[in-house]
Amino acid sequence: MRHVPVLLLLAALCLAQSGGHDGIDRSNLDSSCKPCDDFWRYANGGWVDKNPIPAAFPVWGTFTVLAEGNRERLKSIVEKPKAKGTSAEQQKVSDFYASCVNTAAIDGAGAKPLQPWLDKIGAIKDRRELVAMLVSLEPQGGITPTHIDSTADLDHADRVITAVAAGGLSLPDRDYYFRDDESSKKIRDEFLKFGTRLLTLLGDPADNAASEAKTVLDFETALAKSRLTNVELRDPRNRFHKMDLAKLEQIAPAYDWKGALKLLNVSESVAINVVQPEFVKAVNAQLEQAPVETWKTWLRWRIVNEYADDLSKPFYDEWFHFRRNVLNGATQPLPRWNVCVSTTDRMLGEDLGRLYVEKHFPPEAQRRIKELVENLRATLKDQLEHADWLEPQTRANAIKKLQSFDPHIGFPEKWHDYSRIRVNRNDYFASLESAVVENRRVDLARIGKPVDRTEWSMTTPTVNAYYTSTRNSITFPAGILQPPFFDKDADDALNYGAIGAVIGHEMGHGFDDQGSKFDASGNLSNWWTDQDRAKFEVRAGCVTSQFDSIDAGNGLRHKGKLVTGEAMGDLGGLTLAYKAYHRALNGKEPPVIDGFTGDQRFFLAFARVWANNQTVESARLRLNTDPHPLPKFRTNATLQNMPEFQRAFSCKLGDSMVRPPDQQCHLW
Ligand SMILES: [Zn+2]
C-alpha cells in the first residue's frame, strides 16, 4: 500500500483479444442489442459474456487483459536464468523478484522485519520523543500523517520546490469516515476487524487489539474532518499554498520541520507548498493534545498497515481480505509471481522498463505514434481556430498552449540509476526497504533544482497514458502502444478510434475544467478573458450535469464534479480523433470492411477499448474515489453527445444513444 503520486491520469480502459489485424471481430459484438440503444453493449456484449472476471481480479477488461499480458512478459524477464554477460539491471530485477517470491523466507520471518520500529515506538515516553519518531519515519514516506515531497512550483513550473503533502488516512478517502450508508458502515466495521486482526498478529491480546483498532479509527476520523474532499482537491488553487519555513513553523509549531528537512537533506531555504494547511493544523493540534499513547497505537497500526502485504502469509491474508475482497470484490489472491512482478515494476521500474522495451517495443511504433500525435495536434489547431465563441486573445493563448504540448512516446530518453539500491536475494524486506528509501531520496533530491523534463512518472510497461499540467506534456508508455490500441498494420479507422482517442484524451486534459487553468509553460496562470471563461464553464457544466444524471446501476451514481475533467478529456478527445481520422482520409471514402463503414469501425474501435466486467464493490470504490467515469459510460455518455456517431449508425432522436440536440455537450 505504498504511497503513489496523484496524477492527472487516464485510468484503465478495456481490451479484448485481438480479432485479427485489420478487422472487427464479430464474436465480440452483441448483435441482439441495437447500436442506438446501448452502443457499449452492442460493441462489447459478446466479449463481456465470454470473459467473466477471474476470481483474483476486481475488474477484467481490455486494459486488464493487456496489462496482464505485459506482466507475463515481465515475468519472463525477471525469471531469466543468470548467464554469462547478464547486465547489472537484469541481475538487480531478477534478484529483487527472487527475494519476493521466496515465501518460505518471508513466512519464516513473520513480523520480525517490523520489530525495530515497534521497539522504538514502544519506548516513546513523551511528546518530544514522539516527534523525533515521526521525523525518523519521514524517509519511509507513507506512514506519517504529513510527508515531505517534491513538487513543481505552480507559479514557476520549471522549478521544483518542497511540498508538505497530506497523508495518514488508512481508508480509501476522507468521505469513508463520515458516510452513513449501509455499505460505508460495513466497510468501517470491516476496517475495525482488519485493524484488530493485524494488531493481534503483532502479539497484542485480542481484547486490547479491538480497542486499539477503535482508537485508530477515531484518531483518523478526527484528522479526516480537516481534509479537503476529492472534488475540492481537483482545483489546483485549493492545493497550492506556498510559504517559507518560518510560516510553516508558525502554523504547525509542534512538529520538528527543521529536523525533518535536515534528515531528508532538503534545503530550508526552498519555498514550501503546504498542500492542505487546515490538515497540517489539525495534525499539529493532535500533536499538542492527543495522548501520547494514542499516537503510539496509531503508529504501530500505520506500520503494520503499510507493510502487511509484504510480510508473512497471515499478514498478507488479512491485507487481501480487507483491501482486495471487502473494498474491491476480488475473491482469490493473485499468484505470488504476479504480485512480485508488480512490486519489482514499482520499485525498480526503469531497470525493468528498459529490459521490456528492448524486447517488446519496435522503434517504428514510436515514429508512427509521433505522426498520429502531430496529426491530432494540427486538427485541434484547426478546431481552435474555428471556435467562434472564443475572443481572439483567448484563441491565440489556446493555440500557443497546444503548440507547446510536449509529447513523450514509448520510453524515457534516459533511465534512472538504481545502483544505490541494495538487493539481497535472500531478504525481501531489506531489499524493499532499500528501494523505498532510495526512491524517496531521488524524489527529494529534485527539490531546489529545475524540472527535469526527461523524467517520467509511469513505467514503460504500463497500460495507460498521462498529461502533466505543470509541464504541459503528454506521455504514452510503450505498454499501451500495442493492439488493440495501436497496430501498425491496422486500418486507420481502428488506430484513430483507439489510440487516437487516447492521445486526444490526454491533449484534452490541457483544456479540461482544471487543466485549462495552466498556461503554455505549465504555470497556474489565467489566460482566458472573463467572458470566454464563463462560456467555457457552461460547456464544462454540461458534462457535469450529464454525469450527475446517469444511473450507473446497483444504486450507484457518478459525482459529476469529480469526473468532469476526465469526461471532458473523453469527449474532446474522441471528437478530435474523429476529425483527425477524416483529415488523414483527405477526402477519400474508406472501404467497407467486415460489413462496416470507416466511421462505424472508428466508433467500434473506440468502444472496444472500454470492454470490461467489474465487481459491484470495485465499481463503488471507483465512483467514490476515482475521477474517471466507469468504462460503460465513458463510451455511451461520450457518444450520446456526438452527431458524428449518430449519423454513422443512423440513430434518431428518441434513441437512448441520442441526447436531444439542446442538451448535447460540445467542447470545441
Ligand atoms: Zn485522463
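Every number here is computed from the coordinates shown, using simple stated rules; none is lab data. Because the structure is predicted, anything quoted here is derived from the model rather than measured. No Cβ is skipped: glycine too gets one built from the backbone with ideal geometry, and neighbour counts run over all protein chains shown.
Using a 10 Å cut-off around each Cβ, can you sort Cys36, Cys665 from fewest to most neighbouring Cβ atoms?
Cys36, Cys665
Report, to one decimal in Å, the Kirkwood hydrodynamic radius for region 272-321 based on all distinct Cα pairs.
With all distinct Cα pairs of region 272-321 included, I get 13.0 Å.
Sorted by average packing, counted as other Cβ atoms within 10 angstrom per residue and highest first, what order do 248-256, 526-534 take?
Answer by packing, highest mean first, reads 248-256, 526-534.
Determine which lysines satisfy two conditions relative to Lys488: a Cα distance under 30 Å, and not lying fewer than 8 residues away in the same chain.
Leaving aside lysines fewer than 8 places away in the same chain, those within reach of Lys488 are Lys50, Lys75, Lys80, Lys359, Lys370, Lys381, Lys401, Lys414, Lys579, Lys588, Lys632.
Could you give the angle, 0 to 90 degrees to the nearest 10, between helix 530-548's Cα long axis and the longest principal axis of the Cα atoms of the chain?
Here the helix axis deviates by roughly 80 degrees.
Distance between Cα centroids, region 576-638 to region 157-214: provide it in whole Å.
37 Å
Quote the convex hull volume per residue of region 433-534, based on C-alpha atoms, as a whole number of Å³.
139 Å³
With only alpha-carbon pairs counted, each pair once and no self-pairs, how large is the Kirkwood hydrodynamic radius of region 585-668 in angstroms? Write out the running numbers ahead of the final one.
On the way: mean 1/r = 0.0674 Å⁻¹.
So the Kirkwood estimate lands at 14.8 Å.
So what's region 558-620 giving for Cα Rg divided by 2.2 N^0.38 Å, two decimals?
That ratio works out to 1.48.
Give the average over all directions of the projected area of the C-alpha convex hull of the chain, one decimal, in nm².
Quarter of the Cα hull surface area: 28.8 nm².
Restricting things to Cα coordinates, could you compute the convex hull volume per residue of region 356-503 in Å³?
146 Å³
Quick one: Debye curve from the C-alpha atoms of region 499-540, no solvent, what's log10 I(q)/I(0) at q = 0.21, 0.26, 0.34 Å⁻¹?
-0.71, -0.92, -1.12
Determine by what factor the alpha-carbon radius of gyration of region 312-389 differs from 2.2 N^0.38 Å, reporting the quotient.
That works out to 1.89 for region 312-389.
What per residue convex hull volume, in Å³, comes out for region 136-290 when only alpha-carbon positions are used?
123 Å³
For region 219-354, place one equal point scatterer on every Cα, skip the solvent, and apply the Debye formula. What is log10 of I(q)/I(0) at q = 0.12, 0.15, 0.17 Å⁻¹?
-0.78, -1.09, -1.18
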